[in-house]
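Below: one structure, written as structure tokens.
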Protein chains: 2
Amino acid sequence: MTGKEKVQYEAKARILKALAHPVRLWMAEQLAGGERCVCEFVDVLDLDFSTVSKHLSVLKQAGIVADDKRGKQVFYSLRVPCILNFMHCVEEVIQNNSARQAELAK
Amino acid sequence: MTGKEKVQYEAKARILKALAHPVRLWMAEQLAGGERCVCEFVDVLDLDFSTVSKHLSVLKQAGIVADDKRGKQVFYSLRVPCILNFMHCVEEVIQNNSARQAELAK
DNA sequence: TATACATTTGGCTATATTGCCAAATATAAA
DNA sequence: TTTATATTTGGCAATATAGCCAAATGTATA
């Protein structure tokens, strides 16, 4: 792995890492259905307001979501919908894993 | 987020997390070109043998790669090539981020 | 059998992440 | 202007991750 490659893969990994948390992943998928304000997530997520805000901040830093302040609220939206295509693949991995588990159990 | 959803998103996040490291991401892409033994990665990666082995173990646990012991060597291969499709999207995020940075700098 | 080679495992330290609380900030309403 | 609401920020403790070393395991070769 060359020095240039290293930098590139660190950048890619940063983006994956931003998505690699159950709450952030769920939020990203929710945003595919349209923008949401922080409070809407807090209502559903049984997490501290500050925790939700920080998760969204991680997604924002990574460039995955955009924020838009309107009045007292901040609305977040998905900047890169292609993110979601990947989820099919992740689900495929999970299914393969289950199938293999079942095979081993036989 | 319901209890069932929570479990599902934890599973998805585990898979993303396995990929969310520059070395593991790079190795996964390398494996798209065909199987490699641990020592081949060690030669290129300036990391301890045990570190490389553990990274591959993380990918294996996640179901992303398969291992095959032949003689003294263990060969790893990519179980789920669709993983790589996602990289285009990640690169798109990176490009958007650069473009936005450039716009802000103006 | 003894030895060398390829890999994994256990253990340790350093660092990063998560989530809560309290405090700060910003904006609208009274 | 005071107050309430929405959000962010700073800081802390608990937990997870990364990478090294040393030791254990498994397999081929001498």
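The values are calculated or read from the model by the stated rules, or taken from the named source; none is laboratory data. All values derive from a computational prediction rather than experimental measurement. Counting neighbours? That spans all protein chains shown, and the Cβs are built from the backbone with ideal geometry, glycine included. Remember, those area values only see protein heavy atoms, side chains included, never the ligands or the DNA or RNA. Shrake-Rupley method; radii C 1.70, N 1.55, O 1.52, S 1.80 Å.
Structural remarks
- Candidates B:Glu40, B:Glu92, B:Glu29: whichever shows maximal mean-square fluctuation once chain B is modelled as a Gaussian network with Cα springs under 10 Å: B:Glu92
- Among the listed pairs B:Lys6/B:Lys69; A:Lys4/B:Lys12; A:Lys17/B:Lys60; A:Lys6/A:Lys69, those with a Cα-Cα distance over 24 Å are B:Lys6/B:Lys69; A:Lys4/B:Lys12; A:Lys6/A:Lys69.
- Simple spin-label estimate for A:Ala99 and B:Cys39 in nanometres, 7 Å along Cα-Cβ: 3.4 nm
- For segment A:1-82, the per residue solvent-accessible surface stands at 51 Å², with DNA, RNA and ligands left out and a 1.4 Å probe.
- Simple Cβ-charge dipole of segment A:3-80, Lys/Arg +1 and Asp/Glu -1, about Cα centre, in debye nearest 20: 420 debye
- In terms of its C-alpha gyration tensor, segment A:3-80 comes out prolate, because a/c is 1.5 or above and the ratio a/b outweighs b/c.
- Farthest positive-ward along segment A:3-89 dipole, Cα basis, beta-carbon charges - from A:Leu56, A:Ala66, A:Gln8: A:Gln8
- Taking the protein assembly as shown, the Cys residues with no second Cys beta-carbon under 4.7 angstrom are A:Cys37, A:Cys39, B:Cys37, B:Cys39.
- Per-residue 3J(HN,Hα) values for segment A:38-52, derived from phi via the Karplus relation 6.51 cos²θ - 1.76 cosθ + 1.60 with θ = phi - 60°, read 4, 4, 5, 5, 4, 4, 8, 9, 6, 9, 4, 3, 5, 5, 4 Hz in sequence order (x marks Gly and Pro).
- Computing FRET efficiency as 1/(1 + (r/R0)^6) for A:Asp46 and B:Lys106, where r is the C-beta to C-beta distance and R0 is 45 Å, gives about 0.60.
- Pairwise FRET efficiency - B:Ser57 versus B:Glu91, Cβ, R0 = 22 Å, nearest 0.05: 0.20
- Between B:Gln73, B:Gln30, B:Gln61, the residue with the greatest mean-square fluctuation in the GNM of chain B (Cα pairs under 10 Å linked by springs) is B:Gln73.
- Buried surface between chains A and B: roughly 3500 Å² of accessible area, summed over both sides, computed with a 1.4 Å probe on protein heavy atoms only.
- In segment B:1-36, burial by the other protein chains removes 40 Å² or more of 1.4 Å probe accessible surface, compared with the chain on its own, from B:Met1, B:Tyr9, B:Lys12, B:Ala13, B:Ile15, B:Leu16, B:Ala20, B:Pro22, B:Leu25, B:Trp26.
- For segment A:3-80, averaging the sequence separation of C-alpha pairs within contact (under 8 Å, six or more residues apart) and dividing by the residue count gives a relative contact order of 32 percent.
- Calculated [222 nm] ellipticity per residue, helices only, for the protein assembly as shown: -21000 deg cm²/dmol; basis is -39500 (n - 2.57) per DSSP H run with n ≥ 4, divided by all residues, nearest 500.
- Here the Gaussian network model covers chain A, with springs between Cα atoms less than 10 Å apart; of A:Leu78, A:Leu47, A:Leu19, A:Leu47 fluctuates the most.
- As a fraction of the 1.4 Å probe accessible area of segment A:7-106, surface on carbon and sulfur atoms comes out at 49 percent.
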